[in-house]
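Heads up, the thing below is written out as structure tokens.
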Amino acid sequence: MRQHILGNLLQKELLSPEDANRIGQFESGKPFSLHWELKTLLYLGVLLLNLGLGYIIYENIDTIGHSAIIALIGAVCVVCFWYAIRHRRPFTTGEAESPTPYYDYVLLLGCLLFLVLEGYLQYQYQVFGTRYGLATFLPMVLFFGLAYWLDNRGVLSLGITALASWVGLTVTPKDLLARNDFNSSTIVYTAVLLSAVFCIVPFLSERRDFKKHFSLTYLNFGVHIGMIACLAGMMALNQTVIFFPLLCAAVGYFIWYARTRGSLYFLTVAVLYGYIGVTYLLFNTVRAADFFFYLFYFVFSCAGVIVFLINYKRFIKTNTP
Amino acid sequence: MIAYDQTQLDSLLTRDTTAEWHRQGLLSDEKWLAVQIAHPPYFYRPNVFVRIGLAIFAMILIQSVIGLLALFTSPSAEISMALFCFFTGVLTLVMLEVWAIRAARHYGSGVDDMLLYTATTMLLSGVFVLLMSGNTDPLFFSCIALPVLVAGAIRYLDRLMAAAAFICSLAIVLQIANKAPGLALYILPFTGMLFAAGAYFFCKKGQTRHTWRHWHKTLGVVEFLAIVLFYLSGNFWVVQQAAAYWFGLGQVPMPWFFWTFTFAVPVAYIFWGLRQKDRLLLDVGLACVAEAVFTFRYYFHVMPLAWAAAIGGGVLFATAYFSIRYLKKRSSGYTYEADADKTLLQEIEQQLIAQNLTGQLSAPADQQESLGGGQFGGGGADGQF
């Protein structure tokens, strides 16, 4: 197939014979890349190791080999961190390339095993007592520190997750433990605030030129947490007056972001969430309307959205600086 | 034969290939620009995310229009139901041909995909409604569905239709084999293997044909399914479950054969995949190793699950580690450097990475944790245990 394309271009004189020669040589001598397969193996290896060790530690409580297992996990964890620190690149405010192919995975394994150990120590010895906040605060600080120091987006995601559960925990720990139903409005409000933070951080980092490439990780968490929280506020808490404007603001923000940065991912996601919100609001307010109304609504609204999405190129292009 | 403009498909192919050469530094900027000018973009082909969004909205839109039509015509009797299905099917097909492909020049935009799937579904449900009254053999229905699916895959170069056609023809073959009195149990696994082998060699042959170049990816999907089917036909777990389910048999005949097959085929896949530099064979082979391990563990509990996971993880990591080291040191026909050829999965992964998203923690799981607010004492990220 490629030979045909090459011949065709040569015939049309779009390529010189030297070019064609070079490309032909490249195509025939191209090595077989095992990149993706090996990366997947590394990743699966890390996940399985973490899973297996996480279970083993709980299964062997009160047996003789118990402390040996803990020591082993601790040793692996330390080795991982030692490796990560030894092979690190010098700190930059920009993006640093991974020093070795396995670097990211070793660091990830270290972090995951740290969580296993910490969770176990809390479970068995109540190291943190009832200060549950501390149990998530500690890994959060560690992960954020490592993510910025060693420049690793995977660890940053772990840190963000730890932050989210830390906030969720300190807001309602007593309610959670005293009664089984937790105060969901608190959690929704917290989620909205958290996502606002995730949307602000990228701006500060871009302005200061500090780890700019982290901003999309923050925004990806921000967009989903924020939009789902707004929808939950509308549907579960029935506080449409507060949450619908918030949702509109969030959709507007992300469409604006998509427009200025040319990010089609955020465009699609924002449009989808916005559509769910508008549809819910409409169906909830216009209750008595008949079936025709709903169908017509879907026909016209979907046609509108499709036209909008198809013309996104024009929409994005005219506005890029 | 193809609904899309063929010269434009060729031009698209040229654009994509030269873009890759340009990325590899084999083509100067001016040359690449000249190629681009000579082959201007013609089709509307959005990026993956927009395609997904368009597909979702197009689906709601088409369903609503069909719902409205149903409300206005309110078909009730069997014949009128079938007629309604045929009518909407033809209507969507006309929409696809005249509007989406001719006028709006969509090609893999999500909208044309959805129109095609709806048209096929409606046409086939029309047939189904007609046949439902009599006590028709499912075999007969499969035989009617197959040409429709094959035609869809050929005319619209659609991969999902090709997969459906493959599964449909497999159903036909298995149903026929199942009718063999007394012998069905012995024949079924080998029928599956033979069918898969036939499909595989057909696809391999077809992919080398220049005149079939536009079906390259369509055939690739069938090839993938054929490789998977071949392994599953002889996998001990699959055979044992099928024997127990359909024939009420506790014992599998010829267990030694199926056990050998379970372990030998993945190894053969990986070996041939590496030898022939066939990525599909290699990847499926790796997945089959996992399937073989699961099969073994299902019948023999040699080790607690946790230990098996930990040791397996260690082995995987070590294998990858030493392979990468080996590849980095030596220059052979293999490399660890990323390749430009991409499968759909890799394409999506790359799109995600390009957007600087980490795939290491799936977003949905995280939202649940943040909204559910740490019901788990250990915190969010350690949800793995």
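The values are calculated or read from the model by the stated rules, or taken from the named source; none is laboratory data. The model shown is predicted, which means the values in this text are computed figures rather than measured ones. FYI the Cβ positions are ideal-geometry reconstructions off the backbone, even for glycines, and counts take in every protein chain you see.
Being under 26 Å from the mean Cα position of the chain (by Cα) and crowded, with 17+ Cβ neighbours inside 10 Å is true for just one of B:Leu26, B:Leu96. Which residue is that?
Numbers: B:Leu26 fails: under 26 Å from the mean Cα position of the chain (by Cα).
So the residue among B:Leu26, B:Leu96 that is under 26 Å from the mean Cα position of the chain (by Cα) and crowded, with 17+ Cβ neighbours inside 10 Å is B:Leu96.
Of the numbered criteria (1) of a type in the set (Gly, Ala, Ser); (2) touching a Lys or Arg at 6+ places or on another chain (Cβ under 9 Å); (3) in a loop (DSSP other than H, G, I, E, B), the one A:Gly129 fails is (2). Residue pairs whose Cβ atoms lie under 9 Å apart, sitting 6 or more positions apart in sequence or on different chains, and linking a residue in the stretch A:115-141 that is within 20 Å of A:Ile56 (Cα to Cα) and at the interface with chain B (Cβ under 10 Å from one of its Cβ atoms) to a partner that is among the aromatic types (Phe, Trp, Tyr) and assigned to a helix (DSSP H, G or I), are A:Tyr120/A:Tyr58; A:Gln122/A:Tyr132; A:Tyr123/A:Tyr58.
Of the helices (runs of 4 or more DSSP H) that lie entirely inside the stretch B:1-97, those containing 1 or more residues that are in contact with a His (Cβ under 8 Å, 6 or more places away or on another chain) and hydrophobic (A, V, I, L, M, F, W, C) span B:6-23, B:29-38. Taking the stretch B:317-356 as the range and being in a helix (DSSP H, G or I), modelled with pLDDT of 75 or more and within 7 Å of chain A (Cβ to nearest Cβ) as the test, the residues that pass are B:Phe317, B:Thr319, B:Ala320, B:Tyr321, B:Ser323, B:Ile324, B:Leu327.
Take the residues in the stretch A:144-180 that are in a loop (DSSP other than H, G, I, E, B) and at pLDDT below 85, then tell me which one is farthest from the other protein chains (Cβ to nearest Cβ). Lay out the reasoning, then the answer.
Quick first cut of the stretch A:144-180, residues in a loop (DSSP other than H, G, I, E, B) only: A:151-152, A:172, A:179-180.
Checking which are at pLDDT below 85 leaves us with A:172, A:179-180.
Details: A:Thr172: 6, A:Arg179: 12, A:Asn180: 9 Å.
Per the criteria, the residue is A:Arg179.
For the criterion of being under 30 Å from A:Glu59 (Cα atoms) and surrounded by 12 or more Cβ atoms within 10 Å (Cβ to Cβ), B:Leu274 fails. Scanning the stretch B:173-197 for residues that are in a helix (DSSP H, G or I) and out of contact with any helix residue (DSSP H, G or I) (no Cβ under 8 Å at 6 or more places or on another chain), we see that the one that is farthest from B:Tyr156 (Cα to Cα) is B:Tyr186.
Which of the helices (runs of 4 or more DSSP H) found entirely inside the stretch A:8-107 contain at least 1 residues meeting this: facing chain B (nearest Cβ under 7 Å), within 29 Å of B:Leu327 (Cα to Cα) and touching a helix residue (DSSP H, G or I) at 6+ places or on another chain (Cβ under 7 Å)?
Numbers: elements: A:17-28, A:35-59, A:66-86.
It comes to A:17-28, A:35-59.
Each row is one residue, and each column tells you yes or no for (1) in contact (Cβ under 8 Å) with a residue 12 or more places away in the chain; (2) farther than 27 Å from A:Phe144 by Cβ; (3) assigned to a loop (DSSP other than H, G, I, E, B); (4) more than 8 Å from every other protein chain (Cβ to nearest Cβ).
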| site | (1), (2), (3), (4) |
| --- | --- |
| A:Cys199 | yes, no, no, yes |
| A:Ser215 | yes, no, no, no |
| A:Gly222 | yes, no, no, yes |
| A:Ile228 | yes, no, no, no |
| A:Val241 | no, yes, no, yes |
| A:Phe244 | yes, yes, no, yes |
| A:Gly274 | yes, yes, no, yes |
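If we scan the stretch B:261-278, do we find a residue that is under 23 Å from the mean Cα position of the chain (by Cα) and within 30 Å of B:Thr7 (Cα to Cα)? Yes, the stretch B:261-278 contains a residue that is under 23 Å from the mean Cα position of the chain (by Cα) and within 30 Å of B:Thr7 (Cα to Cα). Of the residues that sit in the stretch B:259-316 and are within 12 Å of chain A (Cβ to nearest Cβ) and of a type in the set (Asp, Glu), which one is farthest from B:Leu232 (Cα to Cα)? Only one residue fits best here, namely B:Asp278.
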